[in-house]
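Engineer: Once you've had a glance at the structure underneath, I'll fire off some questions.
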Amino acid sequence: MKYLDEYRDAGMAQQFARELHRVTTQPWKIMEVCGGQTHAIVKFGIDELLPKEITLIHGPGCPVCVTPLEMIDKALEIATRPNIIFTSFGDMLRVPGSTTDLLSVKAKGGDVRIVYSPLDAVKLAEQNPAKDIVFFGVGFETTAPATAMAVYHAAQKGLKNFSMLISHVLVPPAIEALMSSPNCKVEGFLAAGHVCTVMGFEEYFPIAAKHRVPIVVTGFEPLDILQGVLMTVQQLESGRAEVENQYVRAVRRVGNQPAQELIKKVFKVVPRKWRGIGEIPQSGLGLSEEYAAFDAEKKFGVAESFVGESPECLSGLVLQGQIKPHNCPAFGAKCTPERPLGAPMVSGEGACAAYYRYRGQPDAVAKK
Amino acid sequence: MPLRKNDMNAQKPIEFSGACPVPVSQYPHVLLAHGGGGKLMHQLIEKMFLEAFRNPLLETQHDAAVLELTDKKLAFTTDSYVVRPLFFPGGDIGSMAVHGTVNDLAMAGSRPLYLSSAFIIEEGLPMETLWKVVCSMRDAAKKCGVQIVTGDTKVVDKGKGDGLFLNTAGVGIIEHDKKITPQNVRPGDAILVSGDLGRHGMAIMAVREGLEFESKIESDSAPVHEVVLDLLKASIEIHCLRDLTRGGLASALNEIAEAAGMKITIEEKSVPVREDVHAACEMLGLDPLHVANEGRFVAFVAAQDSERTLHMLQRHNVSANAALIGKVVGKSAPLVTLKSAIGVQRILDMASGEQLPRIC
């Protein structure tokens, strides 16, 4: 397929791999932040082409995975109320809350629907004036403009029966939090290309300078990732810690400014709890005062709850890059995509699900 | 390929070739009484089902059709169809209910002969819609050379069905001595697919979700029995055949690996996927290997017959895009591996749970 096969060429992949073997002289630990990159790495087997000195650590960039349990519980509470059409992206429906998941709510008769765009939820609100339509907005800066656009449209149309449960998160504060942690082993970052398509990459300069860490904005195809790793290793080997852009065909330094304007108008930056990591200051988006009427949490008065994660699920350590998915004792045994203990086993972008799907049972992974 | 979001209701009306008038015209909608066992039901059966599917076996109107067969072995199968919407680009629930069961019979290496058809109709279904489906079944059965010889009609309360559910069972005759089963798969067997993958699943997805692609993706729903009978006639050493429906190629290969106790390997680049289907899958985060088909099968044949099989498949329209995609490595713990586009081996697993909403 045009614009895709070019970035999946086996010959070029081998060339990048050879160059990586040539330039690598010592062990390096590099984190790919985005779950989409984790998925591509495991699906195409990119890590198997790398020199053994290079370890890829899978970062917390799967929005479904980091959505806190409390927020899922709130979603479940709203979805079970009468006269509600509860909408979200497909993966969110299977994420277990503390008691159940949205798909089970649907099976019991709740009106829970998958939408492909938040604007479809706005359309539903127009088509069903007698119902309350709630959209569960999750994601990083990449999906925030679409969520913002939906709220903006709903306001323009004066819709009173539309609201949003917002759990948007931001990448740079998460990188900052990871680098500030005493356990952090990460020496270089592949920044998420799609996030930077929206936000640009100026936010990363202070992080790279403060922590002396190379950050390379990287795309999602095999050759993108190999080149991103090569650029990071070249920086590490030569003692540089700069922000570079591998994904030049999609990312500009300043990003997509109209999208940023819309985000600023509709949202405000708030502290946000990340599943498996804890609260990170200034790391999320919530609705601004101007759009507070669309806040489902306020509209439905859902109570704050504090629930503990399953002690058997080590997703926090996986999301912080401290262990690989198959090092978790529950992996493939008590925790599978059919019966997930934690969110990283649910989403297509979750590290645990990617390992399970493409590397198989714990024995098969261990042999690799 | 750019993907355009379209108005969900903006589908074009389906055009039908057999534009016969609806034979039960005094009732524009199906009523509960049409399934009640009384006059209305008899009228529906006489004027609609008997009219469309007419043949001597059905005309006996007995509780069961009595089939006269030779002393050959029989293949027998059943399948239910709950696809939504009832009409989709490239097909409809009626033709699909015939093709699906014919294809299941073909996978056992049999010549499909007789089908049953059971209708579960939701009260209020427009009679016209039912007639269109019946006409489509009639045409598909004629094209496949099968007869619909028995059937059943039930009408359920409004809200208790989804318009129309169909069940077809089928009987086919086996005219050869070959064993075509997963257990018959041998180390070294060549693996072929009969065409490009993922069209049915993506066609349904596009209509259901209001997605429109630059070139229209039509379902691949089609009968494949003639190709299979040709392969058998040419004495191709077929070891196993499997219809690629829900779960796609990935599920079929895993099921066969499991049943045969074999390791299977395929090459991602060899699997034919049309460009527009590939683009749609990329956009929606789906893997074409997991997406449903309705007119595709995978064949395991002896290695020495692989080229001949490929050429024979490619001579038929329905399997013109057939390709050799992999081989059976050998006896082992069941496993399917795939050589990725960049040349690295990985596991090809079944998708867990639903990839798409109801699609067949």
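Engineer: Which ordering of B:173, B:93 is given by a fewest-first count of other beta-carbon atoms within 10 Å?
Structural biologist: Going from least to most buried by this count: B:173, B:93.
Engineer: For peptide B:333-341, what's the mean number of Cβ atoms from other chains within 10 Å of each residue's Cβ?
Structural biologist: 4
Engineer: Can you give me the orientation-averaged projected area of the convex hull built on the Cα atoms of chain A, in nm²?
Structural biologist: Average projection, Cα convex hull of chain A: 18.4 nm².
Engineer: Any idea what the dipole of the protein assembly as shown comes to, in debye rounded to 20, about its Cα centre with Lys/Arg Cβ at +1 and Asp/Glu Cβ at -1?
Structural biologist: Magnitude of the dipole: close to 480 debye.
Engineer: Return the percentage of antiparallel bridges among DSSP beta bridges fully within the protein assembly as shown, rounded to the nearest 5 %. Can you show the working numbers first?
Structural biologist: On the way: 53 of 100 bridges.
DSSP beta bridges in the protein assembly as shown are roughly 55 percent antiparallel.
Engineer: With loop defined by DSSP as not H, G, I, E or B, and exposure as at most 15 other Cβ atoms within 10 Å, which is the longest segment of chain B clear of exposed trypsin sites (Lys or Arg not before Pro)?
Structural biologist: B:217-357
Engineer: Sticking with this structure for a sec: Nearest 10 degrees, 0 to 90: what angle lies between the long axis of helix A:35-44 and the longest principal axis of chain A (Cα atoms)?
Structural biologist: Its long axis makes an angle of about 50 degrees.
Engineer: Suppose every Lys and Arg Cβ carries +1 and every Asp and Glu Cβ carries -1, with no other charges. What dipole size does the range B:23-174 come out with about its Cα centre, to the nearest 20 debye?
Structural biologist: Using only the charged Cβ atoms, the result is roughly 220 debye.
Engineer: Same structure, new question: Taking chain B as the reference, fit the longest principal axis to its C-alpha atoms, fit the long axis of helix B:306-315 to the helix C-alpha atoms, and give the angle between the two in degrees, 0 to 90, nearest 10.
Structural biologist: The angle comes out near 40 degrees.
Engineer: Report the extension gain between residue A:327 and residue A:53 in nm, rounded to one decimal, defined as 0.36 nm multiplied by the number of residues separating them, less their alpha carbon distance.
Structural biologist: The residue A:327-residue A:53 span can extend by a further 96.7 nm.
Engineer: Also, I was wondering about something else. Please compute the contact order of chain B in relative form: average sequence separation of alpha-carbon pairs under 8 Å and at least six residues apart, divided by the residue count, as a percent.
Structural biologist: 22
Engineer: Follow-up question, since we're still on this one. Is there a pair in A:2/B:143; B:178/B:331; B:73/B:269; A:123/B:47 whose C-alpha atoms are over 31 Å apart, and which pairs would that be?
Structural biologist: Exceeds cut-off: A:2/B:143; B:73/B:269; A:123/B:47.
Engineer: I would also like to ask the following. If R0 is 60 Å, what FRET efficiency do you get for residue A:238 and residue B:26 from their C-beta distance, rounded to 0.05?
Structural biologist: In this case the efficiency is close to 0.10.
Engineer: Using 0.36 nm per residue of separation minus the Cα-Cα distance, give me the extension gain between residue B:345 and residue B:178 in nm, one decimal.
Structural biologist: Fully extending the segment from residue B:345 to residue B:178 adds 56.8 nm.
Engineer: Here is a further query. Quick check on chain B: what does the Kirkwood estimate of hydrodynamic radius come out to from the alpha carbon pairs, in Å? Write down the numbers at each step before the final one.
Structural biologist: Numbers: mean 1/r = 0.0468 Å⁻¹.
Over chain B, the inverse of the mean reciprocal pair distance is 21.4 Å.
Engineer: Under 10 Å, Cα contacts only: if you run a Gaussian network model on chain B, which one of B:96, B:41, B:205 comes out with the highest mean-square fluctuation?
Structural biologist: In the Gaussian network model the winner is B:41.
Engineer: Mind scanning A:131/A:157; A:43/A:273; A:299/B:160; A:160/B:158; A:185/A:334 and naming the pairs with a C-alpha gap bigger than 22 Å? Provide the component values of the computation, followed by the final result.
Structural biologist: Details: A:131/A:157 16 Å; A:43/A:273 29 Å; A:299/B:160 34 Å; A:160/B:158 31 Å; A:185/A:334 28 Å.
Among A:131/A:157; A:43/A:273; A:299/B:160; A:160/B:158; A:185/A:334, the Cα-Cα distance tops 22 Å for A:43/A:273; A:299/B:160; A:160/B:158; A:185/A:334.
Engineer: Let me ask you something else. Taking the 0 to 90 degree range and rounding to the nearest ten, how far is the long axis of helix B:127-144 tilted relative to the main principal axis of chain B, both from C-alpha atoms?
Structural biologist: Result, in degrees: 50.
Engineer: Quantify how strongly other chains surround peptide A:43-49 by giving the mean number of their Cβ atoms within 10 Å of each of its Cβ atoms.
Structural biologist: Per residue, the average neighbour count from other chains is 5.
Engineer: What FRET efficiency comes out for residue A:290 versus residue A:98 if R0 is 30 angstrom and r is the Cβ-Cβ distance? Round to the nearest 0.05. Walk me through the intermediate numbers first.
Structural biologist: Details: r = 33 Å, r/R0 = 1.10.
After rounding, the FRET efficiency stands at 0.35.
Engineer: Once all Cα-Cα distances of the range B:23-174 are split into 5 Å bins that start at 0, what whole-number percent is in each one?
Structural biologist: Spelled out per bin, shortest first, that is 2, 10, 19, 23, 20, 14, 7, 4, 1, 0.
Engineer: Between residue B:270 and residue A:15, how many nm apart are label points set 7 Å from Cα along the C-beta direction?
Structural biologist: Placing both labels 7 Å beyond Cα along the Cβ direction yields 2.7 nm.
Engineer: What do you get for Rg/Rh of the protein assembly as shown when both radii come from the Cα atoms and Rh is the Kirkwood radius?
Structural biologist: Reported Rg/Rh (Cα atoms, Kirkwood Rh): 1.00.
Engineer: Where the eigenvalues come from the Cα gyration tensor of the range B:213-360, what are the semi-axes √(5λ) of the equivalent ellipsoid, largest first, in whole Å?
Structural biologist: 23, 21, 14
Engineer: If you don't mind, there's one more thing I want to ask. Using Cα centres only, tell me the gap between the range A:289-337 and the range B:20-52 in whole Å.
Structural biologist: Cα centroid to Cα centroid, the span is 55 Å.
Engineer: Any idea how far apart residue B:59 and residue A:83 come out in nm if each label point goes 7 Å out from Cα toward Cβ?
Structural biologist: Between residue B:59 and residue A:83, the simple spin-label model gives 6.1 nm.
Engineer: Only residues of the range A:233-251 count here: report those whose backbone N is under 18 Å from the spot 7 Å along Cα→Cβ of residue A:209, or say none.
Structural biologist: Backbone N within reach: A:240-245.
Engineer: Once you have all Cα-Cα distances for the range A:223-321, histogram them in 10 Å bins from zero and send the whole-percent values.
Structural biologist: Result, from short to long distances: 11, 22, 31, 25, 10, 1 percent.
Engineer: Consider just the alpha-carbon atoms of the range A:207-279 and return their Rg together with their Dmax, both in angstrom.
Structural biologist: Computed over the Cα atoms of the range A:207-279, radius of gyration and Dmax are 15.7, 43 Å.
Engineer: Please turn the phi angles of the range A:166-179 into ³J(HN,Hα) values with the Karplus equation 6.51 cos²θ - 1.76 cosθ + 1.60 (θ = phi - 60°), one per residue in order, whole Hz, x for glycine and proline.
Structural biologist: In residue order, the calculated couplings are 9, 9, 6, 10, 10, 6, x, x, 5, 4, 4, 5, 5, 5 Hz.
Engineer: Related question: On a C-alpha basis, how far is the centre of the range A:49-84 from the centre of the range B:147-208 in Å? Whole number, if you could?
Structural biologist: If we compute the Cα centre of each part, the gap is 37 Å.
Engineer: Suppose R0 equals 56 Å; then what is the FRET efficiency for residue A:264 and residue B:160 from their Cβ-Cβ distance, rounded to the nearest 0.05?
Structural biologist: Here the calculated transfer efficiency is 0.65.
Engineer: Relative contact order for chain A: what percent, with Cα pairs under 8 Å and sequence separation of 6 or more?
Structural biologist: Dividing the mean separation by the residue count of chain A yields 22 percent.
Engineer: What is the gain in length, in nm to one decimal, between residue B:304 and residue B:46 on full extension, counting 0.36 nm per residue of separation less the C-alpha to C-alpha distance?
Structural biologist: Values: separation 258, 0.36 × 258 = 92.88 nm, distance 5.28 nm.
Gain on stretching residue B:304 to residue B:46: 87.6 nm.
Engineer: For chain A, set up a Gaussian network in which alpha carbons nearer than 10 Å are linked by springs, and say which option among A:250, A:144, A:121 fluctuates the most.
Structural biologist: Of A:250, A:144, A:121, the Gaussian network model singles out A:250 as fluctuating most.
Engineer: Along the positive direction of the dipole of the protein assembly as shown (beta-carbon charges: Lys, Arg +1; Asp, Glu -1; about the Cα centre), which of A:274, A:3, A:71 reaches farthest?
Structural biologist: A:274
Engineer: Roughly speaking, what is the centre-to-centre gap between the range A:99-135 and the range B:280-323 when only Cα atoms are used, to the nearest Å?
Structural biologist: Taking the Cα centre of the range B:280-323 as reference, the centre of the range A:99-135 is 37 Å away.
Engineer: Please compute, for the alpha-carbon atoms of the range A:151-220, the extent along each of the three principal axes and give them in descending order in Å.
Structural biologist: 49, 25, 22
The numbers here are math on the coordinates, done by the rules we state, and not lab data. A quick note: this is a predicted structure, and the numbers were derived from the prediction, not measured. Every residue, glycine as well, gets a Cβ built from its backbone with ideal geometry; the counts of neighbours run over all protein chains shown.
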